[in-house]
Amino acid sequence: MNTLKKAGKASKFLLATVGSTLFGAKPSKPPMNIKSVTELEAYINKLVEISRPPGLSLVVVKDAKMVYTKSFGLADGPNRVPATPETIYHWGSMTKPTTATAIMQLHERGALNIDDLATEYLPDFQV
């Protein structure tokens, strides 16, 4: 197969992939109330079927005890590895909102001032 044909096939694949991501199935509106575990699991299964997210693990803790744990979808789509309660997920940029929330909570409690320089709390920090 010549290079032009390969490039054409690759372009079609890329367009199909991007198109299905941008214009493919959208998640349904989340229910206002969850009345049962079955209803929750049905909604999550619909989400992972359209890969939004492709997989997740859910744990509910009450009074310091795990009362529910279940995984949905795939931890590794290309290799068809199912998600499990032990799956370690890579957070990537998702840590930024979590860190920002923690910093604002500390600021609200007076444990730090967001206007201070980072070196006030991390003396070895260098820009």
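Close contacts from the range 115-127, counting a first residue that is in the same structural domain as MET104 (by TED's automatic domain parsing) and a second that is surrounded by 10 or more Cβ atoms within 10 Å (Cβ to Cβ) and assigned to a loop (DSSP other than H, G, I, E, B), with Cβ to Cβ under 7 Å and a gap of 6+ residues or different chains, come to ALA118/PHE125; THR119/PHE125; TYR121/LEU112. Within the set THR84, THR95, THR119, the sole residue that is within 30 Å of VAL37 (Cα to Cα), in a helix (DSSP H, G or I), out of contact with any His (no Cβ under 6 Å at 6 or more places or on another chain) and polar (S, T, N, Q) turns out to be THR95. Regarding ALA64, is this residue at pLDDT below 60, over 21 Å from the mean Cα position of the chain (by Cα) and of a type in the set (Gly, Ala, Ser)? So ALA64 does not fit the description; no.
From the list SER57, SER93, SER71, the lone residue that is surrounded by fewer than 10 Cβ atoms within 10 Å (Cβ to Cβ), under 16 Å from the mean Cα position of the chain (by Cα) and polar (S, T, N, Q) is SER93. For PHE72, the conditions (1) out of contact with any helix residue (DSSP H, G or I) (no Cβ under 7 Å at 6 or more places or on another chain); (2) in the same structural domain as LYS29 (by TED's automatic domain parsing) are fulfilled apart from (1).
The values are calculated or read from the model by the stated rules, or taken from the named source; none is laboratory data. Quick caveat: nothing in here was measured; it's all calculated off a predicted structure. In this analysis, Cβ positions are derived from the backbone assuming ideal geometry, glycine residues included, and neighbour counts consider all displayed protein chains.
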